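The values are calculated or read from the model by the stated rules, or taken from the named source; none is laboratory data. Owing to the predicted nature of the structure, the values given are computational and were not obtained by experimental measurement. Here the Cβ is made from the backbone with ideal geometry for all residues, glycine too, and neighbour counts use every protein chain on show. Side chains included, ligands, DNA and RNA excluded: accessible areas come from the protein's heavy atoms. Shrake-Rupley method; radii C 1.70, N 1.55, O 1.52, S 1.80 Å.
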Amino acid sequence: LIYHETDATLGPLDEKIVAVVGYGNQGRAQARNMCDSGVDVIVGNREDGSHEQATADGFEVYSIADATARADVVLLLIPDEVQPEIYQRDIGPNLEAGDTLVFASGYNVTYERIDPADGIDVVLVAPRMIGTVVRELYEDGRGAPALLAVEQDASGAAQSRALAVAHAVGATRSGVVETEFETETRTDLMSEQGLFPVFASALLARFEVETEAGVPPAVTLLESYLSREMAHIFEKCATQGIVSQMDLHSQTSQYGQLLGLSEFDREPIREFMRERLAAIDSGEFADEWADEQASGYERLSSLREGYESSEFIETEQATLDAFGLRKD
Ligand code: NAI
(Lines give C-alpha, C1' and ligand atoms only; values in the text may rest on other atoms or scores of the structure.)
Protein backbone atom coordinates (compact mmCIF):
# COMPACT_ATOMS: atom_id res chain seq x y z
CA LEU A 1 0.00 0.00 0.00
CA ILE A 2 1.44 3.36 -1.00
CA TYR A 3 0.02 6.69 0.17
CA HIS A 4 0.56 10.03 -1.52
CA GLU A 5 -0.28 13.64 -0.67
CA THR A 6 -3.96 13.39 -1.61
CA ASP A 7 -4.48 10.27 0.58
CA ALA A 8 -3.72 12.10 3.82
CA THR A 9 -4.87 15.10 5.86
CA LEU A 10 -3.75 16.74 9.07
CA GLY A 11 -7.29 16.24 10.44
CA PRO A 12 -6.33 13.42 12.85
CA LEU A 13 -3.88 15.83 14.54
CA ASP A 14 -6.46 18.62 14.98
CA GLU A 15 -6.49 19.93 18.57
CA LYS A 16 -3.64 17.54 19.42
CA ILE A 17 -0.27 18.40 20.92
CA VAL A 18 2.62 16.55 19.33
CA ALA A 19 5.80 16.07 21.38
CA VAL A 20 9.05 15.40 19.60
CA VAL A 21 11.23 13.58 22.13
CA GLY A 22 14.87 14.00 21.10
CA TYR A 23 15.97 16.98 18.99
CA GLY A 24 18.82 15.37 17.07
CA ASN A 25 19.17 14.24 13.45
CA GLN A 26 15.56 13.19 12.93
CA GLY A 27 14.00 15.17 15.78
CA ARG A 28 15.09 18.60 14.59
CA ALA A 29 14.06 17.93 11.00
CA GLN A 30 10.70 16.36 11.85
CA ALA A 31 9.79 18.95 14.49
CA ARG A 32 10.48 21.85 12.12
CA ASN A 33 8.66 20.20 9.22
CA MET A 34 5.58 19.45 11.33
CA CYS A 35 5.61 22.95 12.80
CA ASP A 36 5.77 24.47 9.29
CA SER A 37 2.89 22.17 8.27
CA GLY A 38 0.79 23.79 11.00
CA VAL A 39 0.97 21.14 13.73
CA ASP A 40 1.17 22.13 17.40
CA VAL A 41 4.66 20.82 18.27
CA ILE A 42 6.54 20.85 21.57
CA VAL A 43 9.94 19.29 22.27
CA GLY A 44 11.05 16.96 25.08
CA ASN A 45 14.79 16.85 25.64
CA ARG A 46 17.38 16.39 28.37
CA GLU A 47 19.52 19.44 29.24
CA ASP A 48 22.15 19.42 26.52
CA GLY A 49 23.10 21.11 23.24
CA SER A 50 19.99 19.74 21.51
CA HIS A 51 17.83 21.34 24.21
CA GLU A 52 19.52 24.69 23.49
CA GLN A 53 19.10 24.20 19.75
CA ALA A 54 15.37 23.49 20.09
CA THR A 55 14.94 26.61 22.25
CA ALA A 56 16.93 28.68 19.72
CA ASP A 57 14.68 27.32 16.95
CA GLY A 58 11.69 28.71 18.83
CA PHE A 59 10.14 25.57 20.36
CA GLU A 60 8.76 25.22 23.87
CA VAL A 61 11.14 22.68 25.40
CA TYR A 62 10.32 20.51 28.41
CA SER A 63 11.87 17.55 30.13
CA ILE A 64 11.07 14.28 28.35
CA ALA A 65 8.63 13.30 31.12
CA ASP A 66 6.81 16.67 31.04
CA ALA A 67 6.59 16.82 27.25
CA THR A 68 5.13 13.31 27.18
CA ALA A 69 2.59 14.19 29.85
CA ARG A 70 1.47 17.31 27.93
CA ALA A 71 1.21 15.61 24.54
CA ASP A 72 -1.35 13.42 22.76
CA VAL A 73 1.12 12.17 20.17
CA VAL A 74 4.73 11.40 21.10
CA LEU A 75 7.48 10.90 18.50
CA LEU A 76 10.34 8.90 20.02
CA LEU A 77 13.42 10.33 18.31
CA ILE A 78 16.27 9.56 20.67
CA PRO A 79 18.86 6.88 19.74
CA ASP A 80 17.52 3.31 19.68
CA GLU A 81 20.09 2.20 22.30
CA VAL A 82 18.80 4.60 24.96
CA GLN A 83 15.07 4.31 24.18
CA PRO A 84 14.25 1.33 26.47
CA GLU A 85 15.67 2.98 29.61
CA ILE A 86 14.20 6.42 28.89
CA TYR A 87 10.85 4.87 27.92
CA GLN A 88 10.64 2.96 31.17
CA ARG A 89 11.60 5.94 33.32
CA ASP A 90 10.14 9.02 31.61
CA ILE A 91 7.75 8.08 28.83
CA GLY A 92 5.71 4.98 29.69
CA PRO A 93 4.51 6.36 33.07
CA ASN A 94 3.40 9.63 31.42
CA LEU A 95 1.43 8.20 28.49
CA GLU A 96 -2.34 8.04 28.87
CA ALA A 97 -4.82 5.71 27.22
CA GLY A 98 -5.69 7.15 23.80
CA ASP A 99 -2.22 8.65 23.24
CA THR A 100 -0.18 7.72 20.18
CA LEU A 101 3.45 6.66 20.38
CA VAL A 102 5.33 7.09 17.11
CA PHE A 103 8.61 5.28 16.44
CA ALA A 104 11.00 6.08 13.57
CA SER A 105 12.63 2.67 13.80
CA GLY A 106 11.07 -0.75 14.33
CA TYR A 107 14.01 -2.05 16.39
CA ASN A 108 12.84 -1.81 20.01
CA VAL A 109 9.33 -3.08 19.30
CA THR A 110 10.54 -5.93 17.07
CA TYR A 111 13.02 -7.12 19.71
CA GLU A 112 10.56 -6.46 22.56
CA ARG A 113 12.88 -4.00 24.29
CA ILE A 114 9.85 -1.69 24.68
CA ASP A 115 6.37 -3.02 25.41
CA PRO A 116 3.84 -0.16 25.52
CA ALA A 117 0.66 -0.44 27.60
CA ASP A 118 -2.49 -1.77 25.90
CA GLY A 119 -4.38 1.54 25.73
CA ILE A 120 -1.73 3.29 23.61
CA ASP A 121 -1.59 3.46 19.81
CA VAL A 122 1.83 2.26 18.66
CA VAL A 123 2.82 3.28 15.15
CA LEU A 124 5.88 3.70 12.96
CA VAL A 125 6.75 6.58 10.66
CA ALA A 126 10.28 5.88 9.45
CA PRO A 127 11.77 8.27 6.88
CA ARG A 128 14.16 6.56 4.48
CA MET A 129 16.54 9.50 4.70
CA ILE A 130 18.99 11.21 7.04
CA GLY A 131 17.52 14.04 9.09
CA THR A 132 19.21 16.99 7.41
CA VAL A 133 17.85 15.88 4.04
CA VAL A 134 14.36 15.27 5.50
CA ARG A 135 14.43 18.99 6.27
CA GLU A 136 16.10 20.16 3.03
CA LEU A 137 13.60 18.27 0.86
CA TYR A 138 10.68 19.69 2.84
CA GLU A 139 11.98 23.24 2.42
CA ASP A 140 12.27 22.53 -1.30
CA GLY A 141 8.58 21.56 -1.49
CA ARG A 142 9.47 17.88 -1.71
CA GLY A 143 9.67 15.08 0.87
CA ALA A 144 11.58 11.97 1.88
CA PRO A 145 9.76 8.67 1.43
CA ALA A 146 8.82 6.81 4.62
CA LEU A 147 7.63 3.46 5.87
CA LEU A 148 4.49 3.39 8.02
CA ALA A 149 3.24 0.61 10.28
CA VAL A 150 0.68 0.05 13.01
CA GLU A 151 1.65 -2.29 15.83
CA GLN A 152 -1.18 -1.47 18.23
CA ASP A 153 -4.46 0.26 17.40
CA ALA A 154 -6.11 1.08 20.72
CA SER A 155 -8.02 4.16 19.53
CA GLY A 156 -9.23 2.74 16.23
CA ALA A 157 -7.54 5.75 14.58
CA ALA A 158 -3.88 4.70 14.83
CA GLN A 159 -3.36 4.34 11.09
CA SER A 160 -4.87 7.71 10.19
CA ARG A 161 -2.87 9.41 12.95
CA ALA A 162 0.34 7.82 11.65
CA LEU A 163 -0.51 8.93 8.13
CA ALA A 164 -1.17 12.46 9.39
CA VAL A 165 2.27 12.52 11.03
CA ALA A 166 3.85 11.27 7.78
CA HIS A 167 1.94 13.97 5.93
CA ALA A 168 3.09 16.70 8.33
CA VAL A 169 6.72 15.56 8.05
CA GLY A 170 6.45 15.82 4.26
CA ALA A 171 6.72 12.09 3.51
CA THR A 172 3.44 11.83 1.55
CA ARG A 173 4.85 14.35 -0.95
CA SER A 174 7.11 11.49 -2.01
CA GLY A 175 5.36 8.26 -0.98
CA VAL A 176 4.55 6.36 2.21
CA VAL A 177 4.59 2.57 2.14
CA GLU A 178 2.57 0.67 4.74
CA THR A 179 4.38 -2.33 6.18
CA GLU A 180 5.09 -3.94 9.59
CA PHE A 181 7.56 -2.95 12.31
CA GLU A 182 9.41 -6.22 11.80
CA THR A 183 9.86 -5.61 8.07
CA GLU A 184 11.27 -2.13 8.69
CA THR A 185 13.70 -3.59 11.22
CA ARG A 186 14.83 -6.38 8.89
CA THR A 187 15.42 -4.20 5.82
CA ASP A 188 16.99 -1.36 7.79
CA LEU A 189 19.48 -3.72 9.46
CA MET A 190 20.13 -5.46 6.16
CA SER A 191 21.06 -2.13 4.54
CA GLU A 192 23.55 -1.57 7.33
CA GLN A 193 25.03 -5.03 7.81
CA GLY A 194 24.19 -6.83 4.56
CA LEU A 195 24.54 -4.27 1.79
CA PHE A 196 26.98 -1.68 3.12
CA PRO A 197 29.77 -4.17 3.96
CA VAL A 198 29.50 -5.54 0.41
CA PHE A 199 29.81 -2.04 -1.10
CA ALA A 200 32.71 -1.16 1.19
CA SER A 201 34.41 -4.51 0.53
CA ALA A 202 34.20 -3.89 -3.22
CA LEU A 203 35.91 -0.52 -2.72
CA LEU A 204 38.59 -2.11 -0.52
CA ALA A 205 39.17 -5.00 -2.92
CA ARG A 206 39.55 -2.62 -5.86
CA PHE A 207 41.99 -0.49 -3.88
CA GLU A 208 44.08 -3.56 -2.98
CA VAL A 209 44.12 -4.93 -6.54
CA GLU A 210 44.89 -1.63 -8.27
CA THR A 211 47.56 -0.42 -5.83
CA GLU A 212 49.22 -3.87 -6.08
CA ALA A 213 49.19 -3.35 -9.88
CA GLY A 214 50.83 0.07 -9.58
CA VAL A 215 47.88 2.47 -9.89
CA PRO A 216 48.50 5.47 -7.59
CA PRO A 217 46.19 5.07 -4.54
CA ALA A 218 44.74 8.59 -4.86
CA VAL A 219 43.79 7.92 -8.49
CA THR A 220 41.98 4.71 -7.50
CA LEU A 221 40.13 6.46 -4.70
CA LEU A 222 39.10 9.44 -6.82
CA GLU A 223 37.85 7.07 -9.49
CA SER A 224 36.01 4.88 -6.94
CA TYR A 225 34.08 7.47 -4.96
CA LEU A 226 35.99 10.60 -3.92
CA SER A 227 35.32 12.43 -7.19
CA ARG A 228 31.56 11.91 -6.49
CA GLU A 229 31.06 10.51 -10.00
CA MET A 230 29.83 7.29 -8.37
CA ALA A 231 27.45 9.28 -6.14
CA HIS A 232 26.01 10.96 -9.24
CA ILE A 233 25.63 7.58 -10.95
CA PHE A 234 23.69 6.30 -7.93
CA GLU A 235 21.57 9.43 -8.06
CA LYS A 236 20.73 8.61 -11.69
CA CYS A 237 20.05 4.96 -10.76
CA ALA A 238 17.49 6.26 -8.23
CA THR A 239 15.74 8.52 -10.75
CA GLN A 240 16.10 6.64 -14.05
CA GLY A 241 16.90 3.03 -13.15
CA ILE A 242 20.13 1.03 -13.14
CA VAL A 243 20.07 0.01 -16.82
CA SER A 244 18.45 3.17 -18.25
CA GLN A 245 21.09 5.43 -16.70
CA MET A 246 23.70 3.50 -18.66
CA ASP A 247 22.70 5.61 -21.67
CA LEU A 248 24.65 8.41 -19.96
CA HIS A 249 27.85 6.36 -20.30
CA SER A 250 29.87 5.45 -23.39
CA GLN A 251 29.17 2.18 -25.17
CA THR A 252 32.55 0.88 -24.03
CA SER A 253 31.44 1.54 -20.48
CA GLN A 254 28.01 -0.05 -21.03
CA TYR A 255 29.53 -3.19 -22.55
CA GLY A 256 32.10 -3.45 -19.74
CA GLN A 257 29.52 -2.95 -17.01
CA LEU A 258 27.02 -5.44 -18.40
CA LEU A 259 29.65 -8.05 -19.23
CA GLY A 260 31.21 -7.79 -15.75
CA LEU A 261 27.78 -8.02 -14.14
CA SER A 262 26.78 -11.08 -16.15
CA GLU A 263 30.00 -12.89 -15.28
CA PHE A 264 30.04 -11.97 -11.59
CA ASP A 265 29.31 -14.82 -9.13
CA ARG A 266 26.76 -13.45 -6.68
CA GLU A 267 26.38 -16.63 -4.66
CA PRO A 268 29.03 -15.74 -2.02
CA ILE A 269 27.25 -12.40 -1.53
CA ARG A 270 23.87 -14.12 -1.26
CA GLU A 271 25.31 -16.52 1.29
CA PHE A 272 26.78 -13.63 3.34
CA MET A 273 23.42 -11.82 3.25
CA ARG A 274 21.48 -14.97 4.23
CA GLU A 275 23.74 -15.34 7.27
CA ARG A 276 23.24 -11.69 8.27
CA LEU A 277 19.46 -11.98 7.83
CA ALA A 278 19.37 -15.17 9.90
CA ALA A 279 21.19 -13.41 12.78
CA ILE A 280 18.81 -10.45 12.46
CA ASP A 281 15.71 -12.67 12.44
CA SER A 282 16.79 -14.92 15.30
CA GLY A 283 17.60 -11.93 17.54
CA GLU A 284 21.25 -13.08 17.75
CA PHE A 285 22.50 -9.73 16.44
CA ALA A 286 20.24 -7.76 18.82
CA ASP A 287 21.52 -9.80 21.81
CA GLU A 288 25.14 -9.35 20.74
CA TRP A 289 24.61 -5.60 20.33
CA ALA A 290 22.97 -5.38 23.79
CA ASP A 291 26.02 -7.16 25.30
CA GLU A 292 28.32 -4.81 23.43
CA GLN A 293 26.52 -1.78 24.87
CA ALA A 294 26.65 -3.26 28.38
CA SER A 295 30.40 -3.85 28.07
CA GLY A 296 31.15 -0.25 27.06
CA TYR A 297 31.39 -0.56 23.24
CA GLU A 298 34.84 -2.19 23.36
CA ARG A 299 34.46 -4.17 20.14
CA LEU A 300 32.89 -1.24 18.28
CA SER A 301 35.90 0.93 19.20
CA SER A 302 38.46 -1.69 18.22
CA LEU A 303 36.74 -2.39 14.88
CA ARG A 304 36.68 1.32 14.13
CA GLU A 305 40.29 1.85 15.17
CA GLY A 306 41.35 -1.09 12.98
CA TYR A 307 39.90 0.51 9.87
CA GLU A 308 40.93 4.05 10.78
CA SER A 309 44.58 2.98 10.91
CA SER A 310 44.39 0.94 7.68
CA GLU A 311 46.28 2.02 4.57
CA PHE A 312 42.99 2.46 2.71
CA ILE A 313 41.49 4.94 5.19
CA GLU A 314 44.76 6.79 5.78
CA THR A 315 45.11 7.28 2.02
CA GLU A 316 41.47 8.31 1.76
CA GLN A 317 41.88 10.96 4.45
CA ALA A 318 45.10 12.29 2.89
CA THR A 319 43.43 12.43 -0.55
CA LEU A 320 40.44 14.32 0.84
CA ASP A 321 42.83 16.96 2.19
CA ALA A 322 45.13 17.03 -0.86
CA PHE A 323 42.22 17.71 -3.22
CA GLY A 324 40.34 20.03 -0.85
CA LEU A 325 37.34 17.68 -0.92
CA ARG A 326 36.62 17.63 2.81
CA LYS A 327 33.16 18.92 3.65
CA ASP A 328 30.95 18.44 6.76
P1 NAI B 1 20.24 11.22 17.44
O2 NAI B 1 21.48 10.45 17.78
O3 NAI B 1 20.43 12.37 16.52
O4 NAI B 1 19.56 11.70 18.80
C5 NAI B 1 20.05 12.76 19.50
C6 NAI B 1 18.97 13.21 20.47
O7 NAI B 1 18.77 12.21 21.46
C8 NAI B 1 19.34 14.50 21.18
O9 NAI B 1 18.17 15.27 21.31
C10 NAI B 1 19.81 14.02 22.54
O11 NAI B 1 19.54 14.97 23.55
C12 NAI B 1 18.96 12.78 22.74
N13 NAI B 1 19.62 11.80 23.61
C14 NAI B 1 20.77 11.13 23.33
N15 NAI B 1 21.09 10.31 24.35
C16 NAI B 1 20.14 10.48 25.29
C17 NAI B 1 19.92 9.92 26.57
N18 NAI B 1 20.76 9.03 27.11
N19 NAI B 1 18.83 10.32 27.25
C20 NAI B 1 17.97 11.23 26.73
N21 NAI B 1 18.12 11.79 25.52
C22 NAI B 1 19.19 11.42 24.80
O23 NAI B 1 19.11 10.22 16.93
P24 NAI B 1 18.61 9.98 15.44
O25 NAI B 1 19.73 9.49 14.60
O26 NAI B 1 17.84 11.16 15.02
O27 NAI B 1 17.62 8.75 15.66
C28 NAI B 1 16.36 8.92 16.26
C29 NAI B 1 15.45 7.80 15.80
O30 NAI B 1 15.25 7.92 14.39
C31 NAI B 1 16.01 6.40 16.01
O32 NAI B 1 14.96 5.54 16.31
C33 NAI B 1 16.62 6.05 14.66
O34 NAI B 1 16.70 4.66 14.43
C35 NAI B 1 15.59 6.70 13.74
N36 NAI B 1 16.07 7.02 12.40
C37 NAI B 1 17.23 7.73 12.25
C38 NAI B 1 17.66 8.09 10.99
C39 NAI B 1 18.85 9.00 10.82
O40 NAI B 1 19.00 9.56 9.75
N41 NAI B 1 19.71 9.21 11.81
C42 NAI B 1 16.93 7.67 9.77
C43 NAI B 1 15.65 7.04 10.04
C44 NAI B 1 15.27 6.70 11.32
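Identify, from the list Ser250, Ser191, the residue that is more than 22 Å from Arg274 (Cα to Cα), open to solvent by 50 Å² or more (accessible area, probe 1.4 Å) and of a type in the set (S, T, N, Q). Can you show your working first?
Values: Ser191 fails: more than 22 Å from Arg274 (Cα to Cα).
Ser250 is the lone residue from the list that is more than 22 Å from Arg274 (Cα to Cα), open to solvent by 50 Å² or more (accessible area, probe 1.4 Å) and of a type in the set (S, T, N, Q).
Looking only at strands (runs of 3 or more DSSP E) that lie completely in the stretch 102-213, which have at least 3 residues being within 13 Å of the ligand (Cβ to nearest atom) and not small (Gly, Ala, Ser)?
On the way: elements: 121-127, 146-152, 176-179.
Per the criteria, 121-127.
Could you tell me which residue of the stretch 1-54 is most open to solvent (accessible area, probe 1.4 Å), considering only residues that are part of a loop (DSSP other than H, G, I, E, B) and polar (S, T, N, Q)? Steps first, please.
Filtering the stretch 1-54 down to residues part of a loop (DSSP other than H, G, I, E, B) leaves 1, 4, 8-10, 14-16, 22-24, 37-39, 45-48.
Imposing the further condition that a residue be polar (S, T, N, Q) reduces the set to 9, 37, 45.
Values: Thr9: 86, Ser37: 34, Asn45: 13 Å².
Looking at residues that are part of a loop (DSSP other than H, G, I, E, B) and polar (S, T, N, Q), I get Thr9.
Of the residues Ile2, Ile17, Ile64, Ile42, which is within 12 Å of the ligand (Cβ to nearest atom) and not hydroxyl-bearing (Ser, Thr, Tyr)? Can you show your working first?
On the way: Ile2 fails: within 12 Å of the ligand (Cβ to nearest atom); Ile17 fails: within 12 Å of the ligand (Cβ to nearest atom); Ile42 fails: within 12 Å of the ligand (Cβ to nearest atom).
Every option except Ile64 fails the conditions.
Can you tell me how many residues within the stretch 100-112 are free of Cβ contacts under 8 Å to residues at least 60 places away in the same chain and surrounded by fewer than 23 Cβ atoms within 10 Å (Cβ to Cβ)?
Our first condition is that a residue be free of Cβ contacts under 8 Å to residues at least 60 places away in the same chain; within the stretch 100-112, this holds for 101, 108, 112.
Retained after the next criterion (residues that are surrounded by fewer than 23 Cβ atoms within 10 Å (Cβ to Cβ)): 108, 112.
Counting residues in the stretch 100-112 that are free of Cβ contacts under 8 Å to residues at least 60 places away in the same chain and surrounded by fewer than 23 Cβ atoms within 10 Å (Cβ to Cβ) gives 2.
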